[in-house]
Amino acid sequence: MKHDPLNDALSKINNAEDSGKIDCNISPASKLIGRVLKVMQENDYLEKFEYIEDGRGGEYIVKLKGNINKCKVVKPRWSLKSGQIEEYEARYLPAQGFGVLILTTNKGVLSHVEAKENGVGGKLLAYVY
């Protein structure tokens, strides 16, 4: 529907994983989507991704690993402090230590583990497991 590009991107990844595909194309591209994909790659959910400029907003080509059970955007985007991360971890992830919450902070887009280490809070964007 193109109302929320991050939601559309994660839905495409989720659908491609469910159907057993090895790659998917995400367009239009944005810096936020790229940073979320980077966090997913750092946490071993994606093999690699590549940005291609096509003159119409760009496109990401994402190579999947087959490790994703579910990835979704969190709406509304909750603001949380560093001490509240565990509460949202219990709410959105199936088990402790399984999956990743993705936050946007003043230090950039981080996983919940990195946010705890840095002692920062932010807005909750998405989760992956």
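The values are calculated or read from the model by the stated rules, or taken from the named source; none is laboratory data. Predicted, not measured: the structure shown is a model, and the values here were computed from it. Backbone-built Cβ (ideal geometry, glycine too); neighbour counts: all protein chains shown. All accessible areas refer to the heavy atoms of the entire protein, side chains included, with ligands and DNA or RNA removed. Shrake-Rupley method; radii C 1.70, N 1.55, O 1.52, S 1.80 Å.
Between residues in region 1-24 that are under 21 Å from N67 (Cβ atoms) and residues that are surrounded by 16 or more Cβ atoms within 10 Å (Cβ to Cβ) and of a type in the set (K, R), which pairs lie under 7 Å by C-beta distance while being six or more apart or on different chains?
Going by the 7 Å Cβ cut-off, the qualifying pairs are C24/K12.
Out of the residues in region 96-115 that are surrounded by fewer than 17 Cβ atoms within 10 Å (Cβ to Cβ) and in contact (Cβ under 8 Å) with a residue 24 or more places away in the chain, state the one that is nearest to the chain's Cα centre (by Cα). Reasoning before the result, please.
Filtering region 96-115 down to residues surrounded by fewer than 17 Cβ atoms within 10 Å (Cβ to Cβ) leaves 96-98, 105-108, 113.
Then keep just the ones that are in contact (Cβ under 8 Å) with a residue 24 or more places away in the chain; that gives 98, 108.
Numbers: F98: 15, G108: 13 Å.
Of everything passing the filter in region 96-115, G108 is nearest to the chain's Cα centre (by Cα).
Which pairs do you get when a residue that is under 20 Å from Y129 (Cα atoms), found in region 67-84, comes within reach of a residue that is at pLDDT below 95 and exposed (fewer than 15 other Cβ atoms within 10 Å of the Cβ), reach meaning Cβ atoms under 7 angstrom, with the pair 6+ apart or on two chains?
V73/D4
Give the residue that is most open to solvent (accessible area, probe 1.4 Å), with candidates limited to residues of region 5-20 that are in contact with a strand residue (DSSP E or B) (Cβ under 7 Å, 6 or more places away or on another chain) and more than 16 Å from L103 (Cα to Cα). Talk me through it step by step, then tell me what you get.
Going through region 5-20, the residues in contact with a strand residue (DSSP E or B) (Cβ under 7 Å, 6 or more places away or on another chain) turn out to be 6-7, 9-10, 12-14, 16-17.
Those left that are additionally more than 16 Å from L103 (Cα to Cα): 9, 12-14, 16-17.
Numbers: A9: 4, K12: 73, I13: 0, N14: 27, A16: 7, E17: 26 Å².
Per the stated criteria, the residue is K12.
Would you call K38 at pLDDT 95 or above, closer than 17 Å to K12 by Cα, open to solvent by 40 Å² or more (accessible area, probe 1.4 Å) and in contact with a helix residue (DSSP H, G or I) (Cβ under 8 Å, 6 or more places away or on another chain)? If you could, list the steps in order and put the result at the bottom.
On the way: at pLDDT 95 or above: yes; closer than 17 Å to K12 by Cα: yes; open to solvent by 40 Å² or more (accessible area, probe 1.4 Å): yes; in contact with a helix residue (DSSP H, G or I) (Cβ under 8 Å, 6 or more places away or on another chain): no.
No, not satisfied.
Can you confirm whether region 52-64 contains a residue that is basic (K, R) and within 20 Å of K12 (Cβ to Cβ)?
Narrowing region 52-64 to residues basic (K, R): 56, 63.
Those still in the list that are within 20 Å of K12 (Cβ to Cβ) too: 56, 63.
Yes, because at least one residue in region 52-64 is basic (K, R) and within 20 Å of K12 (Cβ to Cβ).
Looking at L93, is it aliphatic (A, V, I, L, M) and buried (at least 19 other Cβ atoms within 10 Å of the Cβ)? Before you say what the answer is, go through the steps one by one.
On the way: aliphatic (A, V, I, L, M): yes; buried (at least 19 other Cβ atoms within 10 Å of the Cβ): no.
Answer is no for this residue.
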